[in-house]
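One structure is given here, and the rest of the page talks about it.
The values are calculated or read from the model by the stated rules, or taken from the named source; none is laboratory data. Since this is a predicted model, take the numbers as computed values, not measurements. Cβ placement follows ideal geometry from the backbone for every residue including glycine, while neighbour counts extend to all protein chains displayed. When the accessible area is computed, the model is the full protein with side chains, heavy atoms only, and any ligands, DNA or RNA have been set aside. Shrake-Rupley method; radii C 1.70, N 1.55, O 1.52, S 1.80 Å.
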Amino acid sequence: ISMALNELAHNPSLIKQLRTGKYWDTCADEFIRFASPTMHFRRTATQDYMLHGKTIREGDKVLLWFVSGSRDEEVFDQPHKIQLDRSPNRHLAFGQGGIHVCLGMNLSRKEMYTAFPIILDRLKNMRFAETNDFNYSPNVLLRGLDSLNIEFDKA
């Protein structure tokens, strides 16, 4: 939610789009895709495997960068742009299946679906504060903000 607020403060046209009410079914996954909270996972290959002409040997360490995969230009049209109506949206932020899928993914989506109509109703004219700074949490696995200085007019 904080990363989405950061993007909304950067791009007020997204706020206008959200206020139309047309994007509630797709906006959460688009914000999650764009600002994937999980950056990467490392696994150990259990057998030899060929991938794109490269051999991964049993015992090799393999790193999956969710933040890169969710911006893959072969999968996503204009991957570095937020498109609130993006559908389908097969981002990798939650693992998207298998034994390592994030069990909290539906809770995360529900929090966003619930929070954004309330936030947009209560925070009128949201913008960056004069200090205009934000700080990422110092973490190599998870990405999030420690602080985000925004201002808004009271409803």
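Observations on the structure shown:
- Where labels lie 7 Å past Cα in the beta-carbon direction, separation of Lys22 and Glu7 in nm: 1.8 nm
- Here the Kirkwood formula, the inverse mean of 1/r across different C-alpha pairs, assigns region 81-128 a hydrodynamic radius of 13.1 Å.
- Accessible area per residue in Å² at 1.4 Å probe, computed on the chain: 64 Å²
- Accessible surface of region 85-134, 1.4 Å probe: 56 percent of it comes from carbon and sulfur atoms.
- Positive-end residue of Leu92, Leu63, His80, charge dipole of the chain with Cβ unit charges: Leu92
- Electrostatic dipole magnitude of the chain [Cβ: Lys, Arg +1; Asp, Glu -1; Cα centre; debye, to 20]: 180 debye
- Accessible surface of region 18-65, 1.4 Å probe, proportion on carbon and sulfur as whole %: 53 percent
- Residue among Lys61, Lys16, Lys124 with the largest mean-square fluctuation in a Gaussian network model of the chain, springs linking Cα atoms under 10 Å: Lys61
- Here the ratio of the Cα radius of gyration of region 5-98 to 2.2 N^0.38 Å is 1.34.
- Extension reserve of the His40-Asp121 stretch, reckoned as 0.36 nm per residue once the Cα distance is removed: 25.7 nm
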